[in-house]
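Nothing in this text is a laboratory measurement; each read-out follows from the coordinates by a stated rule. Note that the structure is a prediction, hence the values are computed from the model and not measured. Every residue, glycine as well, gets a Cβ built from its backbone with ideal geometry; the counts of neighbours run over all protein chains shown.
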Amino acid sequence: MKVALLLFGQPRNVDNPNSFNSHQKWIFDEYDVDTFCHVWWDKDVSEYDVSDWVGEQCIASGNPVEIIKSLYKPKSIKVEAPRTFKLSDSLYKKTRQRFGYGHPWSEKTLSNVSSHLYSIEAAARLIKNPDDYDFIILSRYDNFIHNFPDLTSMSDEYFYISDHHPRFPDLMYIFGSRFIETQYTYGRMEMLADKYFHSFWEPSAECYKYHNFMNQCLPSELFPVHLPVRVVRDNIGYGDTSNLPQEYLMNIQ
């Protein structure tokens, strides 16, 4: 089975071997995988920009791009220096009128929403022939995968998300190639806001991604599955292990 793995965003904690090892176990060892990466990185940046709800600093050190190339061996990789994004005047005004000013939607957080969506779209557009792949997986450099479904038992006619909350959990997606344009959200933010802003629960990346999916696809094509993924927050751990079944905890001990 041919699989494309998309990785995007800030290369946080790529020196934590647990994250890559989990991708190795559940994805690389099981399927024929091509990896496509977008990375926000610059050698002069000492700390990654984080949104207001992230409680800890995220220090940048070493050369994470070389780590990514060594571990994931991407078929294609695009590296760009981090930058500040600004909404268009009309979208900014609409956002402030609906959701107000300041915490949690500060200028920095709104910039990070756009940065997040831009990076996903940039990684997805590196795939020149999406139909070459049976499935496409979207993940992050700092994800730890505790369990993963068997792709051979799944249909490429569905877009799979985690079942851990009822909206549009976005730590990892699994989908057939025909859904690739659901990952082109950044360039559609203005259109999505014009069309759906009345139903936005917040101006988050998750909310934009949900409405981009619904703008192109049927609700019946969305398929929640058990997908226990956690974000690692340092260079040695496994992320938040609370509320995980004992069997998963035993596997990482």
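Here the chain is treated with +1 on each Lys and Arg Cβ and -1 on each Asp and Glu Cβ, and its dipole about the Cα centre works out to around 660 debye. When peptides 224-232, 171-179, 138-146, 100-108 are ranked by their average number of other Cβ atoms within 10 Å per residue, the highest-first order is 138-146, 171-179, 224-232, 100-108. Note on region 114-133 and region 134-206: Cα centroid distance 12 Å, given to the nearest whole angstrom.
Taking θ as phi - 60° and the Karplus parameters 6.51, -1.76 and 1.60, the scalar couplings of region 2-15 work out to 9, 10, 9, 10, 9, 10, 8, x, 6, x, 5, 6, 5, 7 Hz in sequence order, x denoting glycine and proline.
Note on residue 2 and residue 84: with the Förster distance fixed at 41 Å, the Cβ-Cβ geometry gives a FRET efficiency of about 0.65.
Calculated over region 169-253, the projected area of the Cα convex hull averaged across directions stands at 7.8 nm². Counted over the chain, the DSSP beta bridges are approximately 30% antiparallel. Overall size of region 111-227 from C-alpha positions, given as principal axis extents largest first: 39, 32, 30 Å. Scaled against the 2.2 N^0.38 Å expected of a compact globular protein of N residues, the Cα radius of gyration of the chain reads 0.98.
Mean residue ellipticity at 222 nm, helices only, the chain: -8500 deg cm²/dmol; runs of at least 4 DSSP H residues each add -39,500 (n - 2.57), and the sum is divided by the number of residues. Take the convex hull of the alpha carbons in region 62-158; its mean projected area over all directions comes to 9.8 nm². Extension gain for the segment residue 243 to residue 128, taken as residue separation times 0.36 nm less the Cα-Cα distance, is 37.5 nm to one decimal.
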